[in-house]
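Engineer: This is the structure I want to talk about, given as structure tokens.
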Amino acid sequence: GANGAYAEDAILELTSTHSSFTQFTFQTEGFDTMQELFSSIQRGIVSYGLIPIENSLSGTLHSVLELFVKQEPRLWVVGEYQVNESHYIMARPGTELSGKQTIPLPIISAFPFLAFSHPVIEPPLQLRPMQENTNL
């Protein structure tokens with residue numbers, strides 16, 4: 001992902017805490033697409049890539065798995081690392097939450113808390129019962 005994305009956080013955490021990496025120095029480099037990252041590894045521009053396979057919000061990232069299948073020469077998974085993502089909901093004091101549009105993916109994970117603490121908030125479209133989901 002891009003610099004500052006969760007993948008960069010995961011790389012920094014992994015390389016600073018795991019004994020297999022702490023004796024080395026790493027430099028992170030962001031990529032706009034997974035295809036760019038895969039190509040850079042294959043061409044030897046970068047030695048390793050931390051590639052998300054799944055996440056707790058959207059499940060398996062099938063597009064990434066397809067890249068593994070389609071790449072020539074093949075790339076291999078050499079390890080697994082799990083990282084926790086934290087999301088924060090911020091607003092100016094006095095902001096009314098009723099009727100506000102939200103970015104769906106982070107809100108989906110926070111919705112149980114929001115529904116309890118602010119029952120006026122509408123659930124993201126993905127959490128509404130199918131019969132209410134008229135935009136499909």
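Only the coordinates and a few stated rules stand behind these numbers; no lab work does. Small disclaimer: the values here were computed from a predicted structure and weren't measured. Cβ atoms come from the backbone with ideal geometry, glycine included; neighbour counts cover every protein chain shown.
Engineer: Dividing the alpha-carbon radius of gyration of region 24-73 by 2.2 N^0.38 Å (N being the number of residues), what value is obtained?
Structural biologist: Numbers: Rg = 11.9 Å, N = 50, 2.2 N^0.38 = 9.7 Å.
Output field value: 1.22.
Engineer: So how do 5-11, 25-31, 80-86 stack up, highest first, on mean other-Cβ count within 10 Å?
Structural biologist: Numbers: 5-11: 17.4, 25-31: 12.1, 80-86: 9.7.
Packing proxy ranking, top to bottom: 5-11, 25-31, 80-86.
Engineer: Once amide H atoms are placed 1.01 Å from N in the peptide plane, what residues at a sequence separation of 5 or more from GLU54, or on another chain, have their amide H within under 5 Å of its amide H?
Structural biologist: Under 5 Å from the amide H of GLU54: LEU61.
Engineer: Next question. Once the other residues with Cβ under 14 Å from the Cβ of LEU14 are scored (Lys, Arg +1; Asp, Glu -1), what is the net sum? Working shown, then result.
Structural biologist: Values: positive: none; negative: GLU8, ASP9, GLU13, GLU80.
Local charge sum for LEU14: -4.
Engineer: May I ask for the Rg/Rh ratio of region 1-56, computed from Cα atoms with Rh as the Kirkwood radius, given to two decimals?
Structural biologist: Working: Rg = 11.5 Å, Rh = 12.0 Å.
With Rg and the Kirkwood Rh in hand, the quotient comes to 0.96.
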